[in-house]
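Colleague: Quick one: structure below, then a few questions.
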Amino acid sequence: MIPLTESQIRSSFVNASQRERKELTLPDLAQLRFDDLDYLGWRDRRQPALGYVVAVVDGEPVGVLLRQADGRIRSRPQCSWCEDVHLPNDVVFFIAKRAGKAGRNGNTLGTLVCDHFQCSANVRKRPPTAYVGFDVEAARQQRIDALREHVDAFVRRVMDGD
């Protein structure tokens with residue numbers, strides 16, 4: 001992921017009001033290792049039900065404001081983005097208001113995602129060797145590529161407003 005500034009992040013949100021952009025709590029950008037991230041995701045320290053995701057789409061940062069859905073998930077779900085079946089963390093259901101007129105009309109999208117957006121770390125873990133001659137590095141790269149595709153598809157769906 002490309003390193004982002006505070007102003008790039010705040011201006012990137014396609015489904016947030018100017019007030020929401022101004023009030024969002026940013027992560028400590030100096031502590032982030034952007035080279036190890038496929039997207040930037042974090043929870044709001046002041047409002048834990050809020051989450052934020054910024055992905056690079058067509059070379060530009062695009063941010064999406066997410067809200068954790070009320071209620072509990074009855075079984076252990078799989079993250080829709082990293083698809084890790086051996087998660088060391090919880091998965092929660094987030095809802096994103098669509099961009100533009102569709103969002104103003106109340107249209108939303110939902111997704112199951114790692115509770116603190118640990119997907120980039122999850123896909124970089126060494127996968128188990130499935131058989132003799134299994135290419136671990138190729139499998140890891142395939143998981144990274146799949147994560148990027150899933151995040152990109154979700155962000156595009158929010159942007160399109162369809």
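The values are calculated or read from the model by the stated rules, or taken from the named source; none is laboratory data. These numbers come from a predicted model, not from an experiment. Counting neighbours? That spans all protein chains shown, and the Cβs are built from the backbone with ideal geometry, glycine included. To get the accessible areas, we keep the full protein, side chains included, count just its heavy atoms, and leave off ligands, DNA and RNA. Shrake-Rupley method; radii C 1.70, N 1.55, O 1.52, S 1.80 Å.
Colleague: Anything in the stretch 111-121 that is assigned to a loop (DSSP other than H, G, I, E, B) and open to solvent by 20 Å² or more (accessible area, probe 1.4 Å)? List them, or say none. Talk me through it step by step, then tell me what you get.
Modeller: Pass one, the stretch 111-121, residues assigned to a loop (DSSP other than H, G, I, E, B): 115-118.
Selection gives Asp115, His116, Gln118.
Colleague: Is it fair to say Ala146 is part of a helix (DSSP H, G or I), within 28 Å of Lys97 (Cβ to Cβ) and touching a helix residue (DSSP H, G or I) at 6+ places or on another chain (Cβ under 8 Å)?
Modeller: Taking the combined requirement at face value, the residue satisfies it.
Colleague: So, in the stretch 76-94, how many residues would count as being out of contact with any helix residue (DSSP H, G or I) (no Cβ under 9 Å at 6 or more places or on another chain) and either surrounded by 15 or more Cβ atoms within 10 Å (Cβ to Cβ) or over 15 Å from Gly51 (Cα atoms) (or both)?
Modeller: Residues that pass the stated criteria total 8.
Colleague: Another question about this same structure. Among Arg143, Arg124, which is touching a residue at least 12 places away in the same chain (Cβ under 8 Å), of a type in the set (D, E, K, R), touching a Cys at 6+ places or on another chain (Cβ under 9 Å) and open to solvent by less than 70 Å² (accessible area, probe 1.4 Å)?
Modeller: Just a single option satisfies the conditions, and that option is Arg143.
Colleague: Identify all residues within the stretch 83-110 that are under 20 Å from Ala153 (Cβ atoms), assigned to a loop (DSSP other than H, G, I, E, B) and touching a Lys or Arg at 6+ places or on another chain (Cβ under 9 Å); write none if there are none.
Modeller: Glu83, Asp84, Arg98, Asn107
Colleague: Give the stretch 38-75 a look and list any residue that's within 14 Å of the chain's Cα centre (by Cα), assigned to a loop (DSSP other than H, G, I, E, B) and either surrounded by fewer than 19 Cβ atoms within 10 Å (Cβ to Cβ) or basic (Lys, Arg) (or both), or say none. Outline the logic, then answer.
Modeller: Residues of the stretch 38-75 that are within 14 Å of the chain's Cα centre (by Cα), as a first pass: 38-44, 50-57, 61-68.
Imposing the further condition that a residue be assigned to a loop (DSSP other than H, G, I, E, B) reduces the set to 38-39, 44.
Scanning the stretch 38-75 gives a single hit, Asp44.
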